[in-house]
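Everything below concerns the one structure shown next.
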Amino acid sequence: MRIISSPLFLSLAVLVLAACSSALPEPAPAPQPVKPVARPAPAPAQPAGNWIDWPITPGDWIYREDARGSLALFGKTDQSAIFIVRCDRSRRKLFLSRAGTVGSGATMILRASAGLQSYPASNSGGTPPYAAISVSPGDIMMDRIAYSRGRFAVETSGLQSIAIPIWPEFSRVVEDCRS
């Protein structure tokens, strides 16, 4: 008997033997679920261009007095205020608040025709929640806002910037706190 040693014959023999094998191949491991990547929430889209050209935020001003002092609220009728200026007479402080919450180290920038000023902002609570700053009634920025050309802007870390019309209600609260 003659032994064939051709490479073609050996390859064919290996294939025939493999086909006769009764062992089933191991199943492929189950795919692992894809873990979502935690991504921070995108910052709200900011108005484009110069703040003086931003559209005015819709709403009206309302003036009120309560046991703590006076306040002016800006927003749409029958909805929570978007922006509030409050005089706390007992503490002789003005509190400017805007709807939303901020993280630690947040700032609120007030812009008027005659300049801008940045203040540290923090959450003041409430429902809905508000981010607020506290200023002296004599702060020059209050006069800049009062005499601004038709509007002022509020830019707060992590929140949509807004342009608010300047009406007498704002100045009235500031003046209440000064007297």
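No lab work stands behind these numbers, since they all come straight from the coordinates. Because the structure is predicted, anything quoted here is derived from the model rather than measured. Cβ atoms come from the backbone with ideal geometry, glycine included; neighbour counts cover every protein chain shown.
Shape analysis of segment 51-178 places it in the rounded category; the axes a ≥ b ≥ c from the Cα gyration tensor give an a/c below 1.5.
Exposure proxy for Ser104, Ser148, Ser80: other Cβ atoms within 10 Å of each Cβ, ordered fewest to most, give Ser104, Ser80, Ser148.
For Val102, nonlocal amide neighbours, meaning residues 5 or more places apart or on other chains whose placed amide H falls under 5 Å from its own, are Asn123.
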